[in-house]
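A short worksheet on the structure shown next.
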Amino acid sequence: MADAFQTTLTLTRQPDGLYALHALTTTPDSCRIVDPARLGAVYGQPVPSDAVAVILPTRRDQNCTNSNPGTIQHRLVNLRLPPGKTKVVAFLVINPGSTLLTTALVQAGGGAPTPNPVPTPVPTPVPTPRPRVSLPFNTPPWVVGGSRTGGRVHLPFEIPPWVVLFS
């Protein structure tokens, strides 16, 4: 699916010294809704040390049935490049925060845009197992259901009828 999304970036300098970013993305269908571009990075994706990261969010219009290829545009004006930052890397995401579709990189100062650099794979962290806890006393049979109780919890008191229990 991500192969169907191709983003090209254009970075132009405004008269006030700030930059304007224009992103043009071809999509596999014309059912995309563009959300405002914003500064930020996608978790787990590397950002070059000399680049400013921008997120280009989009989502699918669930009522649309048009399967013809289309294009979407993102604009971010008044973009300030801090000292030492000479590039802008953009991350096109669907349903912001969930799925990275593609990335693009552009050099400030009129450099040729680099569409869709190959992202560096980031290793998925292995979750650490939780230690088992053993209590210094025997748990009464009414606390945790077991084979003796047929998997049911038996309480030493009566539950009022107005209390709703969820299983």
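Working from label points 7 Å from Cα in the Cα-to-Cβ sense, the residue 20 to residue 99 distance is 3.3 nm.
Mind giving me the nanometre distance, one decimal, between the label points for residue 33 and residue 12, set 7 Å out from Cα along Cα→Cβ? Between residue 33 and residue 12, the label points sit 2.9 nm apart.
Rule-based calculations on the coordinates, nothing more; no lab input. Everything numeric in this text was worked out from a predicted model, so none of it was measured. For neighbour counting, all protein chains shown are included, and Cβ atoms are generated from backbone atoms with ideal geometry for every residue, glycine included.
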